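Worksheet: one structure, shown below.
The values are calculated or read from the model by the stated rules, or taken from the named source; none is laboratory data. Keep in mind it's a predicted model, so treat the numbers as computed, not measured. Cβ atoms come from the backbone with ideal geometry, glycine included; neighbour counts cover every protein chain shown.
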Amino acid sequence: MNSIMTHGLAAQAEVHQVVRDASGLISSTWLLIAFPLLGAAVLLLGGRRLDKTGHLIGTAASCLSFVMAVALFVAMLGESGDARAFNVPLWEWFNAAGYQVEVGLLLDQLSMAFVLLITGVGSLIHVYSIGYMEHDERRRRFFGYLNLFVAAMLLLVLASDYLILFIGWEGVGLASYLLIGFWQHKPSAAVAAKKAFVVNRVGDMGMVLAIASMIVVFGSSSFELVFAGAGDAPTSWLNALGLLLLLAACGKSAQFPLQSWLLDAMEGPTPVSALIHAATMVTAGVYLVVRSAAIYDLAPEARTAVVLVGTITLLMGAIIGCAKDDIKKALAGSTMSQIGYMMLAAGLGPAGYAFAIFHLITHGFFKANMFLGAGSVMHGMNDEVNMRRFGGLRAAMPVTFLTFALGYLAIIGIPPFAGYFSKDKIIEAAFADNILIGLCALIGAGITAFYMTRVMLMTFLTSKRWAEDVHPHESPRVMTWPLIGLAALSLVGGAALLYVGGGIVEWLEPVTGEEHHDLPLPVAALIAITLVVVVAGVAVAWLLYGRRPVPVEAPAGNPLTVAARRDLYGDAVNEAVLMRPGQYLTRSLVYVENRGVDGAVIGAAKAVGGLSARWRRWQTGFVRSYALTMLTGAGLVVVAMLLVRLP
Amino acid sequence: MTIPWLTLLIAAPALGAVLTALVPAGRGTLAKQVAIAFSLLSLAIAIAVIAQFELGADRYQLVEQQAWIDALGIYWALGIDGIGAALIALTAVATPIVAMAMWPEAEAEKRDPKAFFALLLAVEALIFTAFLAKDVLLFYIVFEAMLIPLYFMIGMYGGPQRRYAALKFLLYNLFGGLVMLAAVIGLYVQSVDAGNASFLLTDLVALDIPVETQRWLFLGFMLAFAIKAPLWPFHTWLPDAAAEATPSNAAFLSGVADKVGTFGMIALAVPLFPAAAAEFAPVIVVLAVISIVYGALLAIGQTDMKRLIGYTSISHFGFIVLGIFALTERGATGSTLYMINHGLSTIALFVIVGFMISRRRSRLVADYGGMQKTTPKLAGVFLFAGLSGLALPPLSTFLSEFLVIAGTFEQYRAAAVIATVGIVLAALYILWLYQRTMTGPERADIGATRDLGRREIAVVTPLIALILAIGFFPRTVVDVIDDGVGPTLAEVDVEAPPPLVSVTDHAAEGNDE
Amino acid sequence: MSPLAAVAAQVGETTASTAGEEVLFWIIAPLAVIGALGLVFSRKAVHGALFLAVTMIGLAILYIALEAPFLGVVQVVVYTGAIMMLFLFVIMLIGVDASDSRVETIRGQRGAAALAVFGVIVLLVAVTGRAALPDPVGTAQAAPEGNVYAIADLIFGRYVWAFETVAAVLITAAVGAMALTHRERLARRHSQREQSERRFREGDPKDAAGMPVPGVYARHNAVDTPALLPDGTPAESSVSPVLVARGATRLAEEFATDVGRLGPEPKPGEAESTAERPTEPSDAATSGLPDDSPAAHGTEETDDEPEQDGGDAR
Amino acid sequence: MSPTPYLVLATLLFTIGGAGVLLRRNALVAFMSVELMLNAANLAFVTFARMHGNLDGQIMAFFVMVIAAAEVVVGLAIIVMIFRTRRSASVDDASLLKL
């Protein structure tokens, strides 16, 4: 661990990347955010007038942003490898008693990678949504929300201060809330949206406290100062920071124990699932960990926690994915699992940061691809999501099938598809770190192969099981072209990212640092073992679902299946541990409030009233009684005066 | 001749109140126009006053001092500092908005609406005086006098239980005021003993009061402020008042009028009794944290929308008090900012709930559902107000809540951690309310509900604009507040430790600014 | 006034510690206390008033002894002369025929009062007795030209505002007393003719010609003796109720035994009814229209009348 | 002569007057007892006036007398009024000052 010295951005001796103030094109980085933000404002405030053209405005805003991103990327390529980080200060946000926050952007290799992913995949999904949401009367609003999401996500990855990052962080949470609950008339959607937001807020607690801790430790929350000072900070504080940031990341990235919202979030329209809940937003947690590399590098305990969380989640997600009959939920389980991989990698430190980001990007490609494919299927199947009612769709939807298949091959890690490169690297890194973790990652790969094959078989192969009134058909071109684009990226993205130029590892190296560990066994052997496991997973799935007919009604299944269907009792645990006691607490507090706190006040008032009712009887109305009282009182006054005066 | 700007600022709404009351009966519209015109005039004067406020100059500016009762050392002493300027701005902005929102509510009442508007302006004048008073007795007098118009505003207009609520409000606050009066006199005695009988804040702050005495006086002041603010367990009047008063009145009450309590804490209780404040701070911090969580949990358990918002206010007041008694400059700055932002967002929430009530004539959550479809604008502004209530960045409320938590974290780690539970609960109560009222299947009888009208949009727009503006560009506001908070906290000998790691010269620059 | 002042001046010069004053005091003081006790313990208000007058006159003498001759005179003139007369007048008006019952109606009042009074006496006497008071300076210094001049000087000098205020209070009190006791006549006053007609219409026809006058009986030709009716029974209505109430009459019962031979045995009920209402008719007695009242006792209407008359009369 | 005997006398008269107020139900007697108490106070005033050698005490006694006169006028008027409506001069009958 102590060999690490190459992170942190400020002017410290070991750091070799200098952040420069931006000039020229790069100083207009803010336009990246401004386009979609403006689009969102126009669409949401524009009213019904824009119903006809809204989707085009939204798509245009996103595409402009993408164009801008490409231009910036090109500009960045023009710089030398260790001079690609730029500060884009915008305005001073506030200065509260010495705690100064500047609204500013930091464009470096890491944020560039994200910007390209977000705007690129985002634009494709915008295009796709034009077709997918065609019949929705609130399409304009949908595009407004999507633009809002893109803007917030870009702010998240471009921010140069944790507090500004937090704005984007919450912004994507809001967009996610709005989009999950887009079909608000469905109570399940509204509930899922609220759940997502609230669970995210639990993570936000971590974020808020992390930033508060940074103020205590560093007096600032800007990346520059925090990373520069991390070396001098006590390890206990760094560990605390790491754990708090991990809590935040768990919320946003649906990692254990805050994973429960992601499956419910599938209530949202499918493009949303693809963009937010697969490709970009849910990976923000990984971004946060990688971005905070300077802290994690010096906080070994926190990193161990990250690895553990990642490992648990990757297995959990995979197991849940195996049992779900709802195609989107199966994919959501898979997303959880894949992000678990990324977390695991990020937790490995400099050895894994780059691979985490690598997998994040390839996952963005193929998972978005598959989600959109699933959306395409649903589009053609009257919004049916139950895979037991699919089957044999490859004939009806050839394009969807082919693109989905490419995504499938990518995710299970068949060379030379994208997932193979990225996931394999993570497994390697995991083995290099700890054999147990490595084994878990390997098993995860096997399960991934199993459940993805299951999805593939149940949806596109096997016999048809759909209902009478459903007439599956291929989706319009506006939807298939994005699919094709993403499929192409799934096919070549991995190899391209790894090998073109210096590859992503070298690209990110100034930000994340680099480190190699020796594997306990030769790389080739590990690759071979991984492939064997994957093939085994595929084979098992074939035996269970390909060879024999899939029942339309779900069989009872073994206990593990039942547990997985119920999200491994995540919700049940939440309900038992948080919701029920919470409701009980709330109800009893209302009781306490009315009877206890308010009761005490009212009781006091009643007691006073009662006492006066009793004392009122002294008021006989007989003037002689009053006179007696007065005389006695006067006598007492004299006595009192005497007592005071005379010693 | 110098213009007595601050007296002018107080005189404008006071005159407006008189003129509104003089409008002949039956000419309700004229009364409203007069009231709104005068509230706008006050706003203009407030802007002029704040424009003259100079950062980094004297602590109190535009000072006016006129002997009132010379023999007792009572003065008509006014002055504005950063804290006062911020709260004056809030009051001046809020009053015309509330008056606009009251417009239709007053019509729904059977009574002549003019009294309502006249009382509103009277309260505004008193609140201005409270924020400007640099004489403790003057502050006390307006602090108490405020109760009377508010009592009538609650008791004359509103729900079926309004009399009960008004009486409860009055008794609670009178009780606190009585204890405070004793403390005010005790404080005066201290000043007499010191040989300079004076109620002037500056004279009193300069006193060197023994800690024993400080304790009692501090508790006397704090009780009044804690009831007014309100802090658990002195809060139970607020939900009743919030539920029974008309929505705009409830907005004004918890959004603006109650800020006098928290203002009193930071501008009087802390600087007057620094040693006692430091001593009692842990206790008050605990109460504040209880307020935060307790208010939020009770808000979750409510079935009446206005009550619910009342409880959210208790939770938010908990944050404000927490920030003040963390006794860090950041926390106190955050608290003062919180006062403004809470004012804006609570007014927005109450006013919008008022719109909903005016449509369906019910305060109960259960009588709403699925309104998003028929009234998208209403749902939109409601969600916006709700999000500002749950402190979503970059809305203005976020920054204040964050600064409070960060400021508290410097001194009281555990309290800050528990307080953050409040932000989760805030999401729960706001979004659950939104879910139950706006989303889900449309209720059968909701079809004909109309969406926001022009006047309603005019009421909400400035609030939304301000929440956004302060959210994105809080620097000026924070600087102004910091200008007042800094010297105030300097009275207390509690200082936050410097950062563990002093990073670079850049940070030093930041500190110097 | 000058002779008085001269007296006062002489007294002032000589009374520094004369034995005469001491003798005077020890004569007057017991009298004053007796008067006071008499006020408290006399059953009849009239007696009480007279006892009080004794005390007040005693005090007046003491004032003079205390170098306050002006006050002494005022005490006699205003207090004993005017105020006590007012009391007596009112006593005559309303309560002369009543004497207080000795039964205490408020539980515990008597004991508690005794305790309180005793306590206060002990306390005050102890205090005054223990106090080491200086010998009196005497007012000679303060009133070089005599007491009255000095007092006039003060009243119209330093205390002129208090004096004016007190004058206003006095005027207000007088007006207030008038306003309080005055009653608006609500109905037209009945003329004598109307009253007479009504007597014929409503009253007992046998009274129509007028009530019997008392004291026609030869042996008791006085107002305290009821007249005898033609059938030999005594006519109770012929005696003024005031006398009945005071117990100054010979009761019909008593009278009946005297004249038992001449008439029928008196009915016990009649005798009781006479004794039963000692106070009620007292108002009629003050009204000055005795022939009005007897008829009034049965009916409600006439209850008002004498009061109104009385009101007007004052 | 020492003022003490005068003061003791004043004290006695005062308390006897007080006893009268407490014990007698007849409004007139009670009223006269009040007068007695006032007189006792006057006696103390006059005594002190001599003791201190100034006339302020006498002036005070004078004013007390005047006020007593006013009080008597009003008080008696009230008693007459009450008697008219209630047919009683007992203070116990005028016990409306209760709920």
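For this structure, a couple of remarks:
- Some residue of the stretch B:211-222 being buried (at least 24 other Cβ atoms within 10 Å of the Cβ) and either touching a strand residue (DSSP E or B) at 6+ places or on another chain (Cβ under 9 Å) or at pLDDT below 90 (or both): no
- Residue check, A:SER220 hydroxyl-bearing (Ser, Thr, Tyr), more than 23 Å from the chain's Cα centre (by Cα) and either more than 7 Å from every other protein chain (Cβ to nearest Cβ) or over 18 Å from A:SER253 (Cβ atoms) (or both): yes
- Hits in the stretch C:91-105 - residues which are modelled with pLDDT of 70 or more, outside any loop (DSSP other than H, G, I, E, B) and either buried (at least 20 other Cβ atoms within 10 Å of the Cβ) or at the interface with chain D (Cβ under 10 Å from one of its Cβ atoms) (or both): C:ILE91, C:LEU93, C:ILE94
- Filter pass, C:PHE25 being within 21 Å of C:ILE121 (Cα to Cα) and surrounded by fewer than 18 Cβ atoms within 10 Å (Cβ to Cβ): no
- Tallying residues that are in contact (Cβ under 8 Å) with a residue 60 or more places away in the chain, closer than 20 Å to B:PHE143 by Cβ and more than 12 Å from the chain's Cα centre (by Cα) within the stretch B:215-235 yields 8.
- Residue list for the stretch B:179-211, restricted to those being without any contact (Cβ under 8 Å) to a residue 60 or more places away in the chain, over 19 Å from B:ILE74 (Cβ atoms) and assigned to a helix (DSSP H, G or I): B:VAL179
- Residue in the stretch C:108-130 that is more than 7 Å from every other protein chain (Cβ to nearest Cβ), part of a loop (DSSP other than H, G, I, E, B) and not basic (Lys, Arg) present: yes
- Filtering the stretch A:52-85 to residues that are under 27 Å from the mean Cα position of the chain (by Cα), closer than 24 Å to A:GLU514 by Cα and part of a helix (DSSP H, G or I) leaves only A:PHE73.
- Residue in the stretch A:499-506 that is touching a Gly at 6+ places or on another chain (Cβ under 9 Å) and modelled with pLDDT under 85 present: yes
- A:PRO555 vs. criteria more than 30 Å from A:LYS324 (Cα to Cα), modelled with pLDDT under 85 and not in a helix (DSSP H, G or I): no
- Residues that are touching a Phe, Trp or Tyr at 6+ places or on another chain (Cβ under 8 Å) and without any contact (Cβ under 8 Å) to a residue 40 or more places away in the chain, drawn from the stretch A:101-135: none
- Note on the stretch A:133-146: residues that are crowded, with 24+ Cβ neighbours inside 10 Å and over 14 Å from A:PHE182 (Cα atoms) total 0.
- Any hit, the stretch B:24-36, residues being of a type in the set (Gly, Ala, Ser), more than 22 Å from B:ALA99 (Cα to Cα) and surrounded by fewer than 17 Cβ atoms within 10 Å (Cβ to Cβ): no
- Residue within the stretch A:582-595 that is assigned to a helix (DSSP H, G or I), touching a residue at least 12 places away in the same chain (Cβ under 8 Å) and out of contact with any Lys or Arg (no Cβ under 7 Å at 6 or more places or on another chain) present: no
- Some residue of the stretch B:79-102 being surrounded by fewer than 21 Cβ atoms within 10 Å (Cβ to Cβ) and outside any helix (DSSP H, G or I): yes
- Only residues that are in contact (Cβ under 8 Å) with a residue 12 or more places away in the chain, out of contact with any Asp or Glu (no Cβ under 9 Å at 6 or more places or on another chain) and surrounded by 13 or more Cβ atoms within 10 Å (Cβ to Cβ) were counted in the stretch C:109-152, giving 4.
- Of the numbered criteria (1) of a type outside the set (Lys, Arg); (2) assigned to a helix (DSSP H, G or I); (3) buried (at least 24 other Cβ atoms within 10 Å of the Cβ), the one B:SER358 fails is (3).
- Any hit, the stretch D:75-87, residues being under 28 Å from C:ALA162 (Cβ atoms) and either more than 7 Å from chain C (Cβ to nearest Cβ) or surrounded by fewer than 20 Cβ atoms within 10 Å (Cβ to Cβ) (or both): yes
- Candidates A:LYS194, A:LYS186, filtered to the one that is buried (at least 23 other Cβ atoms within 10 Å of the Cβ) and at the interface with chain B (Cβ under 9 Å from one of its Cβ atoms): A:LYS194
- A:GLY242 of a type in the set (Gly, Ala, Ser), surrounded by 24 or more Cβ atoms within 10 Å (Cβ to Cβ), under 21 Å from the mean Cα position of the chain (by Cα) and away from chain B (no Cβ under 11 Å): yes
- In summary, A:ARG140 fulfils each of the numbered conditions (1) within 14 Å of chain B (Cβ to nearest Cβ); (2) outside any strand (DSSP E or B); (3) within 23 Å of A:ILE357 (Cα to Cα) with the single exception of condition (3).
- For the stretch A:89-100, the condition holds for no residue, the condition being that it is under 25 Å from the mean Cα position of the chain (by Cα) and either in contact (Cβ under 8 Å) with a residue 40 or more places away in the chain or part of a strand (DSSP E or B) (or both).
- Subset of the stretch D:3-52 [of a type in the set (A, V, I, L, M) and more than 7 Å from chain C (Cβ to nearest Cβ)]: D:ALA10, D:VAL21, D:ALA27, D:ALA30, D:VAL34, D:MET37, D:LEU38, D:ALA40, D:ALA41, D:ALA44
- Verdict on B:PHE116 being among the hydrophobic types (A, V, I, L, M, F, W, C), in a helix (DSSP H, G or I) and closer than 24 Å to B:ALA46 by Cβ: yes
- When A:GLY570 is tested against (1) in contact with a Phe, Trp or Tyr (Cβ under 9 Å, 6 or more places away or on another chain); (2) surrounded by fewer than 14 Cβ atoms within 10 Å (Cβ to Cβ), exactly one condition is not met: (2).
- Test: A:ALA351 is within 16 Å of the chain's Cα centre (by Cα) and touching a residue at least 40 places away in the same chain (Cβ under 8 Å): no
- Filter result (buried (at least 21 other Cβ atoms within 10 Å of the Cβ), touching a residue at least 60 places away in the same chain (Cβ under 8 Å) and over 15 Å from B:GLY484 (Cβ atoms)) within the stretch B:260-283: B:VAL260, B:LEU272, B:PHE273, B:PRO274, B:ALA276, B:ALA277
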